[in-house]
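This report refers to the structure that appears directly beneath it.
The values are calculated or read from the model by the stated rules, or taken from the named source; none is laboratory data. Fair warning: this is a prediction, and the values are worked out from it, not measured in the lab. A quick note on method: Cβ atoms are made from the backbone with ideal geometry, for glycine too, and the neighbour counts reach across all protein chains shown.
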């Protein structure tokens, strides 16, 4: 029996909600789900990562995209989610399939056990022939604990389900080498390295929380997991199948030829920085050679409040990110260990430990295929 191909589709708010009336755009939903039905009939699984709940709820609470604050958006999401799901359900029934809602928070991606539980739920829905519609739970999240954009959320879902393709539907037909409104802007049809295009992608849409920058960040995360990403205009008939069969213009971002394992991909592709540390140049060189843990005596400085099992970003003393790895200690424990290098770890912590901060098999070295994160300013203070 041939294994079904998993296709993740991210849909932006501007496609789902009328920007003036803030009501569902049923014409778009009709075209989208008709095409989803075609893909499903061809033996594919489709998972939607859908924005729109906040936009659809703003009118109900008397706010606009420009006036809404955090609490307004949380309340709008609570009002808009039933509208969004009802619209999907009505149109989905026309094409003979059921939908299910999967609401996630940052912790569902950053905590590995919750990540696996979510994956099991999504796989069970697909097994039953139900199409999952995934969204961030905007009713309870704040700026400090939210994913922040559905582009990267969709990339994490693609990684989670082992997708072959991630299709990001948006208001433009793909990536350009500069703002497409500028004279002489050149369309980019295929990308192997997203890094050269990052500076040209700042900005976001009125209704959404992510612009082209977050789409490229998402594409880079997908590349690491062996997923092909497509960025395409959503306002067309057959918006998905015409991308996959190459019959219309879209930007194709190629997967890395040697993708990371599921475990390494989960470690390397973060949505938020839990904590970070700096090691010396000799340690950085030794780590690059492989199969070496990070020990407490290696640490020059550290930043953040994290717990055991959180992923740390590792920098050399020039401020370049070199690795990401799973911490064996809380930030409080690690500060005690780093500040007392001559005292036995067992004596300091009250339990037996070798004092290795990140084990070798929980450490992923970064290279030119990763988008690196800037070091926190606090790391420069030692």
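Here are 246, 226, 203, 210: which of them is modelled with pLDDT of 90 or more and under 20 Å from the mean Cα position of the chain (by Cα)?
Only one candidate qualifies: 226.
Please count how many residues of region 284-308 are crowded, with 16+ Cβ neighbours inside 10 Å and at positive phi.
1
Residue under question is residue 30, and the condition is that it be more than 26 Å from residue 159 (Cβ to Cβ), in the same structural domain as residue 99 (by TED's automatic domain parsing) and at pLDDT 95 or above; does it hold? Walk me through how you get there before you give the answer.
Details: more than 26 Å from residue 159 (Cβ to Cβ): yes; in the same structural domain as residue 99 (by TED's automatic domain parsing): yes; at pLDDT 95 or above: yes.
So residue 30 passes the test.
Restrict the check to region 10-20 and report whether at least one residue is over 15 Å from residue 135 (Cβ atoms), modelled with pLDDT of 95 or more and under 22 Å from the mean Cα position of the chain (by Cα). Lay out the reasoning, then the answer.
Of region 10-20, the ones over 15 Å from residue 135 (Cβ atoms) are 14, 18-20.
Right, trim to modelled with pLDDT of 95 or more and you get none.
No, region 10-20 contains no residue that is over 15 Å from residue 135 (Cβ atoms), modelled with pLDDT of 95 or more and under 22 Å from the mean Cα position of the chain (by Cα).
Condition first: over 16 Å from residue 50 (Cα atoms) and either surrounded by 21 or more Cβ atoms within 10 Å (Cβ to Cβ) or at pLDDT 95 or above (or both). Can you find one or more residues in region 145-155 that meet it? Let's see the steps before the verdict.
Taking region 145-155 and keeping what is over 16 Å from residue 50 (Cα atoms), we get 145.
Restricting the remaining residues to those that are either surrounded by 21 or more Cβ atoms within 10 Å (Cβ to Cβ) or at pLDDT 95 or above (or both) gives none.
No; the residues of region 145-155 include none that is over 16 Å from residue 50 (Cα atoms) and either surrounded by 21 or more Cβ atoms within 10 Å (Cβ to Cβ) or at pLDDT 95 or above (or both).
Got a sec? Which of 193, 173 is touching a strand residue (DSSP E or B) at 6+ places or on another chain (Cβ under 9 Å), assigned to a loop (DSSP other than H, G, I, E, B), within 21 Å of residue 155 (Cα to Cα) and in the same structural domain as residue 113 (by TED's automatic domain parsing)?
Details: 193 fails: touching a strand residue (DSSP E or B) at 6+ places or on another chain (Cβ under 9 Å).
Matching residue, one of 193, 173: 173.
In region 173-197, what residues are surrounded by 14 or more Cβ atoms within 10 Å (Cβ to Cβ), closer than 24 Å to residue 367 by Cα and without any contact (Cβ under 8 Å) to a residue 24 or more places away in the chain?
Of everything in region 173-197, those that are surrounded by 14 or more Cβ atoms within 10 Å (Cβ to Cβ), closer than 24 Å to residue 367 by Cα and without any contact (Cβ under 8 Å) to a residue 24 or more places away in the chain turn out to be 177, 197.
Those residues that are part of a helix (DSSP H, G or I) and buried (at least 19 other Cβ atoms within 10 Å of the Cβ), I need them from region 256-278; list them, please.
Applying the first criterion (part of a helix (DSSP H, G or I)) to region 256-278 yields 262-268.
Scanning region 256-278 gives 265, 266, 267, 268.
Take the residues in region 51-77 that are touching a helix residue (DSSP H, G or I) at 6+ places or on another chain (Cβ under 7 Å) and surrounded by fewer than 18 Cβ atoms within 10 Å (Cβ to Cβ), then tell me which one is nearest to residue 12 (Cα to Cα).
Restricting to residues being touching a helix residue (DSSP H, G or I) at 6+ places or on another chain (Cβ under 7 Å) and surrounded by fewer than 18 Cβ atoms within 10 Å (Cβ to Cβ), the top hit is 64.
State all residues of region 285-330 that are under 25 Å from residue 114 (Cβ atoms), outside any strand (DSSP E or B) and touching a residue at least 40 places away in the same chain (Cβ under 8 Å); if no residue qualifies, say none.
Listed by number, the residues that qualify are 304, 309, 310, 327.
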